[in-house]
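Down below is the structure, laid out as structure tokens.
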Amino acid sequence: MAPDEPYYRDDLALVHHLGFGFHADMCAPGILRLLEPVLERNGLVLELGCGSGLLTRYLVEAGHRVIATDASPAMLELASRTAPGAEEIRVLVMPDDPMPACDAVVSIGHPVSYLDSEAAVLRALTNAADALNPGGVYAIDIEDFAYADAVAGTPPSGRVGDDWAIILKRERPAPNKFVRDMTTFLRNDDGTWRRDDERHENTLIDTSKIPALLADHGVDVECRTAFGDETFPPGLVALVGHKRT
Ligand SMILES: C[S@@+](CC[C@H](N)C(=O)[O-])C[C@H]1O[C@@H](n2cnc3c(N)ncnc32)[C@H](O)[C@@H]1O
């Protein structure tokens, strides 16, 4: 079932920003290499599910023109401070919000996996393919079934920063669903702590069917284990390719 409000309210958005930048740091070199031809022609990069702008910042600093988008207003507020040089930072809710024509579409941290059905995930992927101009670069990461295989049954975990903490429980309530129950704690200005809870449901799919689907939309992609030389968690798949010219 779809949540009645976007994932990542204020507190979890801030905890993500402060404590979960490692994926963007890891992906940035590979993504920037894939985007070199786009930079050369001063093309436009559309980022889907940009979150707090942790990758956007790398793109902008490298000289890219970026439209950074997300469903969460709290994330976008952080992104506008993290990557103020982006051409535009705005709400775009996948799968059906219109996507602007672009020369690259990038998405990391599996935003498409947040959609509530396989049909919605595939629609987001084909809409992104349709937004690409000829020769455009496609670089999106997504959860395969194997992603949950690796973590199902692992004990709850926690992380702590100076003014924040998070407890994370993972479960697999159905073969194609992966759920994270997250409790965040943030320190208030008066030194007290506040708590918030979010339950995130991801849809897992067999990613091997995606190349044939996108080929029908003029985009040739491979399912790779990473964008570049980085190491992804098992089952996180990088869809990398181009729109035919
Ligand atoms: C794990 S976070 C990754 C954020 C960022 N890309 C990063 O790597 O730091 C997933 C992001 O997907 C966004 N998201 C979830 N559902 C979405 C949807 N239907 N449309 C657009 N963004 C969505 C969330 O708001 C969140 O910012």
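The values are calculated or read from the model by the stated rules, or taken from the named source; none is laboratory data. Everything quoted here is computed from the prediction, not taken from an experiment. Glycine gets a Cβ as well: all are built from the backbone with ideal geometry, and neighbour counts include every protein chain shown. Note: accessible area is taken over every heavy atom of the protein model, side chains too, but ligands, DNA and RNA are not part of it. Shrake-Rupley method; radii C 1.70, N 1.55, O 1.52, S 1.80 Å.
The residues of the chain have, on average, 44 Å² of accessible surface per residue, using a 1.4 Å probe with all protein chains present. For the chain, which whole-number percentage of the solvent-accessible area (1.4 Å probe, protein heavy atoms only) is attributable to carbon and sulfur atoms? The computed percentage sits at 53.
Binning the C-alpha pair distances of the chain at 10 Å intervals from 0 yields a P(r) profile of 8, 32, 39, 18, 4, 0 %, listed from the shortest bin outward. The fraction of all Cα pairs in the range 74-175 landing in successive 10 Å bins from 0 to the largest distance is 12, 33, 33, 20, 2, given as whole percents.
Placing a label point 7 Å from the Cα of residue 88 along the Cα-to-Cβ line, the residues of the range 49-72 whose backbone N sits under 14 Å from it are 65-70.
Charged side chains reduced to their Cβ positions (Lys and Arg at +1, Asp and Glu at -1) give the range 147-203 a dipole of some 280 debye around its Cα centre.
Applying 1/(1 + (r/R0)^6) with R0 = 45 Å to the Cβ-Cβ distance of residue 223 and residue 162 gives a FRET efficiency near 0.70.
Around the amide H of residue 239, modelled in the peptide plane, lie the amide H atoms of 140, 141, 142, 224, all under 5 Å away and 5 or more residues distant in sequence or on another chain.
Listed values for the range 23-39 are Karplus-derived 3J(HN,Hα) couplings in whole Hz (6.51 cos²θ - 1.76 cosθ + 1.60, θ = phi - 60°), namely 5, 5, 4, 6, 7, 4, x, x, 5, 5, 5, 4, 8, 3, x, 6, 5, and x replaces Gly and Pro. Rounded to the nearest 5, the antiparallel percentage of DSSP beta bridges internal to the chain is 70%. Under the convention that each Lys and Arg Cβ holds +1 and each Asp and Glu Cβ holds -1, the size of the dipole of the range 189-245 around its Cα centre is about 340 debye.
Where the convex hull is taken over the Cα atoms of the range 19-70, what is its projected area averaged over directions, in nm²? For the range 19-70, averaging the hull's shadow over all directions gives 3.3 nm². Here the peptides 15-21, 94-100 are ranked by packing, the mean other Cβ count within 10 Å, and the order with the highest first is 15-21, 94-100.
Annotation for the range 1-87: trypsin sites (Lys or Arg not before Pro) lying in DSSP loop with at most 13 further Cβ atoms inside 10 Å of their Cβ are 41. Treating r as the C-beta distance of residue 213 and residue 150 and R0 as 25 Å, the FRET efficiency rounds to 0.50. Positive-end ranking of 200, 160, 150 along the dipole of the range 147-203, with charges on Cβ about the Cα centre, is headed by 150.
Couplings 3J(HN,Hα) for the range 93-107, derived from phi with the Karplus relation 6.51 cos²θ - 1.76 cosθ + 1.60 (θ = phi - 60°), are 9, 6, x, 9, 5, x, 9, x, 4, 8, 9, 7, 10, 10, 7 Hz, where x marks Gly and Pro.
With R₀ set to 41 Å, the beta-carbon distance separating residue 118 from residue 192 gives a calculated FRET efficiency near 0.40. Among the aspartates and glutamates, select those whose C-alpha is under 19 Å from the C-alpha of residue 243, and discard any that sit fewer than 8 residues away in the same chain. Filter leaves 36, 40, 47, 103, 130, 141, 216, 220, 222.
Listed by chain and number, the lysines placed with their C-alpha closer than 17 angstrom to that of residue 169 are 177; residues fewer than eight positions away on the same chain are left out.
Roughly how many whole Å is it from the C-alpha centroid of the range 128-184 to that of the range 197-242? Cα centres, the range 128-184 to the range 197-242: 13 Å.
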